[in-house]
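Single-structure report; data block below.
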Amino acid sequence: MKIKFIDLSRQYLSLKPQIIEAIDNVLCSGHYILGPKLSSIENQIASLCHTKFAVGLGNGSDAISFSLKAIGIQPGDEVITCPNSFIATAWAIAAVGATPVFVDALENFNIDPSKIEEKITSKTKAIIPIHLTGRIAEMETITTLAKKYNLKVIEDAAQAIGAKRNNQPAGSWGDVSCFSMHPLKNLHAYGDAGFAVTNNQQVYETLISLRNHGFNPKGEVDKWGFNSRLDELQAAILAIKLPYLEKWNNRCREIARQYSAGLSDTSLILPIDQPNEEAIYHRYIVQTQQRDALRDFLSDEGIETRINYPVPIHLQPIGITLGYKPGCFPVVERHAKTILSLPLYPELTDKEVNYVIKKIREFKF
Ligand SMILES: *Cc1c(COP(=O)(O)O)cnc(C)c1O
């Protein structure tokens, strides 16, 4: 049996007639950017996130950097985040001229709130918690800290659309929250796409302007902007898929439960759901000291795995230039050596999940 880490064509084939029809409708309409499909999906994303506004953007990275700009982050400011993320989180901070300031992670891979306070200086203006693997960070503690020090909060919810914590959805906690619909995310476009959501009208209007060259509603340009619009084709595709999101997320959770049940008596460290969490399992990450040997063994058995992420951001060459070195963040650095992401997507069959479990159990730990 061959099991791909991800197989995007399976989902496409399950929706093919609807997708082809939606694409044809957009192409026939002659309206390809900033049209009715965009407005409609923005309303649906805002409603999913319990926010007043959503802004469709070219990708999730721009969503974060535009959000930082829109809340007033300026060159010289500091923004606190976690080095256990995709590079784009830190890039977005650097892109507005601010400095990323890192804080170590908890065992669940999210930012450790108890280590944030010691990093706050007079230059700190915002915190970006990342909901890594589809599990929401400890937002109650983080938003309380942010209030105390008058900081803004931007959720990097790129991996967490539809996730909940204490029954509150990803996107509903921050001053602005950002999503990616990159092909590898739980809800994905056929190309790049992203959203920022907010309750703040002024932030919303700034985002609308930033994505379209800085034009304001009067058609004047009062600041430099960008070209980063979610196009009508991707908006129409996402509109077909959004109604399935809950079903897909539930299936991801079910597969995670199957992995956890099947591997509970091995020496692997497995993800744990707290009772107040509804993680969507963008990734199912196990940990073992024998990570590389296990990965090679599974590869020989036809099972693809990945490491998310092999090099923490502070140890990338660009991170080193910020003054970081090995040993700065012991938890994140330990995870980088032991983590392994197993295949997990809604279209994975029970037979395939059982095959992965069976093969892992054959490995000599
Ligand atoms: C994917 C991702 C991003 C960037 O999103 P793009 O749409 O690829 O630009 C940012 N942060 C995290 C945590 C991500 O996983």
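The values are calculated or read from the model by the stated rules, or taken from the named source; none is laboratory data. Because the structure is predicted, anything quoted here is derived from the model rather than measured. We place every Cβ from the backbone using ideal geometry, glycine too, and count neighbours over all the protein chains shown. In case anyone asks, the SASA skips ligands and DNA or RNA and just uses the protein heavy atoms, side chains included. Shrake-Rupley method; radii C 1.70, N 1.55, O 1.52, S 1.80 Å.
Here THR144 meets the list (1) open to solvent by 20 Å² or more (accessible area, probe 1.4 Å); (2) in a helix (DSSP H, G or I); (3) within 15 Å of the ligand (Cβ to nearest atom); (4) more than 25 Å from SER209 (Cα to Cα) almost entirely, failing just condition (3).
For region 76-100, a tally of residues being of a type in the set (Val, Ile, Thr) and part of a strand (DSSP E or B) returns 4.
Residue check: is ALA160 within 20 Å of PHE66 (Cα to Cα) and either more than 15 Å from the ligand (Cβ to nearest atom) or touching a helix residue (DSSP H, G or I) at 6+ places or on another chain (Cβ under 9 Å) (or both)? When the stated conditions are applied, ALA160 passes them.
Filtered by the rule that a residue be within 13 Å of the ligand (Cβ to nearest atom), surrounded by 24 or more Cβ atoms within 10 Å (Cβ to Cβ) and either part of a loop (DSSP other than H, G, I, E, B) or not small (Gly, Ala, Ser) (or both), region 50-67 gives LEU57, ASP62, ILE64, PHE66. Selection within region 68-79: residues that are within 16 Å of the ligand (Cβ to nearest atom) and touching a strand residue (DSSP E or B) at 6+ places or on another chain (Cβ under 9 Å). The member of this set that is farthest from ASN227 (Cα to Cα) is VAL79.
Among the residues of region 167-205 satisfying the criterion of being touching a Cys at 6+ places or on another chain (Cβ under 6 Å) and open to solvent by less than 10 Å² (accessible area, probe 1.4 Å), which is nearest to the ligand (Cβ to nearest atom)? For region 167-205, the residue satisfying everything is ALA196.
Cβ-Cβ contacts under 9 Å between residues 6 or more apart (or on different chains), taken from a first residue in region 51-67 that is among the aromatic types (Phe, Trp, Tyr) to a second residue that is more than 12 Å from the ligand (Cβ to nearest atom) and in a strand (DSSP E or B), are listed as PHE53/VAL197; PHE53/THR198; PHE66/VAL55; PHE66/VAL176. Among the numbered conditions (1) crowded, with 19+ Cβ neighbours inside 10 Å; (2) on the phi > 0 side of the Ramachandran plot, the only one that GLY97 does not meet is (1). Suppose the filter is within 15 Å of the ligand (Cβ to nearest atom), touching a Pro at 6+ places or on another chain (Cβ under 6 Å) and open to solvent by less than 10 Å² (accessible area, probe 1.4 Å); does PHE102 pass it? Taking the combined requirement at face value, the residue satisfies it. Of all residues in region 293-317, none that is without any contact (Cβ under 8 Å) to a residue 60 or more places away in the chain has its Cβ atom under 6 Å from the Cβ atom of a residue that is small (Gly, Ala, Ser) and in a helix (DSSP H, G or I), 6 or more apart or on another chain.
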